[in-house]
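Student: Below are the structure tokens for one structure; questions will follow.
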Amino acid sequence: MPFTGFGEYAVDFFDGLEVDNSKTYWQDNLPTYRTDVRAPMEALLAELTPEFGPGFGEGKVFRPHRDVRFARDKSPYKTHCGAVVEQGRGGGAYYVEVSSAGLRVGGGCFHLQPDQLARFRRAVDADVHGAELERILARLRRSGWEIAGEALKTRPRGFPPDHPRLDLLRHRSLYATKAWEPDDTLHERACLTRVRAAWRQVRAFNEWARDHVGTSERSRR
């Protein structure tokens, strides 16, 4: 089925889940999740993957259950529904998420394993590739994207204190996000246009990550 927007009660569903993150609430509202959240997200991803997947990665909708084995917060369910097109975590990702806060999209290096981090820093250190990344991030900022990610407070070992891209070298993850509060577009086919346009803007960042960071050796074992 073609994507026609998220359901009328998608935002209400997550509003309720934030208040009552319990199995009882989940079971009572499971039909709403399936029809207003999950099915539209699967349809959205199905329409976007043919453009963004080839030569990059596969699309998937994340499961709604949280991994609480090592978490202090034992809430069983995620308060958002996310989907991604990627070849492996860290090497670039086209991300989309719906929640009570509305719509959010993202791209870049969300999680870097040690081997990926080493390649990321080598690329940032190189004048050609590092300067290219700076230009990519500057364009995204001008287009309303927020650049974020975990970063060291001190400089990483082996790099001089006057390195021209020291702020980027400090990063242990680096990604871009853009968000929209709940509006009529969320429930219309125009939401597809919004996500597609955003993913096209972040394409250069994802391709840089794919080419210079790639997937982790751990994921290939």
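The values are calculated or read from the model by the stated rules, or taken from the named source; none is laboratory data. Nothing here was measured: the structure is a model prediction, and the numbers come from that model. Glycine also receives a Cβ, built like all others from the backbone with ideal geometry; neighbour counts cover every protein chain displayed. Calculation scope for accessible area: heavy atoms of the full protein, side chains included, ligands and nucleic acids excluded. Shrake-Rupley method; radii C 1.70, N 1.55, O 1.52, S 1.80 Å.
Yes/no matrix, rows are residues, columns are (1) open to solvent by 50 Å² or more (accessible area, probe 1.4 Å); (2) in contact with a Lys or Arg (Cβ under 7 Å, 6 or more places away or on another chain):
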position: Arg121; (1), (2): no, no
position: Ala131; (1), (2): no, no
position: Ile136; (1), (2): no, no
position: Arg141; (1), (2): yes, no
position: Gly144; (1), (2): yes, yes
position: Arg155; (1), (2): yes, yes
position: Phe159; (1), (2): no, no
position: Arg165; (1), (2): no, no
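Student: Can you give me the number of residues within the stretch 175-189 that are over 21 Å from the mean Cα position of the chain (by Cα) and surrounded by 15 or more Cβ atoms within 10 Å (Cβ to Cβ)?
Tutor: Counting residues in the stretch 175-189 that are over 21 Å from the mean Cα position of the chain (by Cα) and surrounded by 15 or more Cβ atoms within 10 Å (Cβ to Cβ) gives 1.
Student: Sticking with this one: What's the total number of residues in the stretch 48-81 that are open to solvent by 50 Å² or more (accessible area, probe 1.4 Å) and in a helix (DSSP H, G or I)?
Tutor: Selection size over the stretch 48-81: 2.
Student: Are there any pairs with C-beta distances below 7 angstrom linking a residue in the stretch 139-167 that is among the β-branched types (Val, Ile, Thr) to a residue that is surrounded by 10 or more Cβ atoms within 10 Å (Cβ to Cβ), with the two at least 6 apart or on different chains, and if so which?
Tutor: So the pair list comes out as Ile147/Leu137; Ile147/Leu140; Ile147/Arg141; Ile147/Ala176.
Student: Still on this structure, please answer the following. Can you list residue pairs whose Cβ atoms sit under 6 Å apart, with the first residue in the stretch 199-214 being among the aliphatic types (A, V, I, L, M) and the second being assigned to a loop (DSSP other than H, G, I, E, B)? Count only pairs 6 or more apart in sequence or on different chains.
Tutor: Ala209/Gly91; Ala209/Gly92; Val213/Gly91
Student: OK, next. May I ask you to list pairs of residues, at least six apart or on different chains, whose Cβ atoms are under 9 Å apart, with the first in the stretch 11-35 being basic (Lys, Arg) and the second being open to solvent by 40 Å² or more (accessible area, probe 1.4 Å)?
Tutor: Lys23/Pro76
Student: Also, I was wondering about something else. Can you tell which of Ala138, Ala118, Ala101 is over 17 Å from Val213 (Cα atoms) and over 17 Å from the mean Cα position of the chain (by Cα)?
Tutor: Ala138
Student: On to the next question. Any residue in the stretch 75-95 that's closer than 19 Å to Gly53 by Cβ: show its pairings with residues that are among the basic types (Lys, Arg) and part of a strand (DSSP E or B) at Cβ separation under 9 Å, as long as the two are six or more apart or on different chains.
Tutor: Gly82/Arg104; Ala83/Lys60; Val84/Lys60; Val85/Lys60; Glu86/Lys60; Tyr95/Arg104
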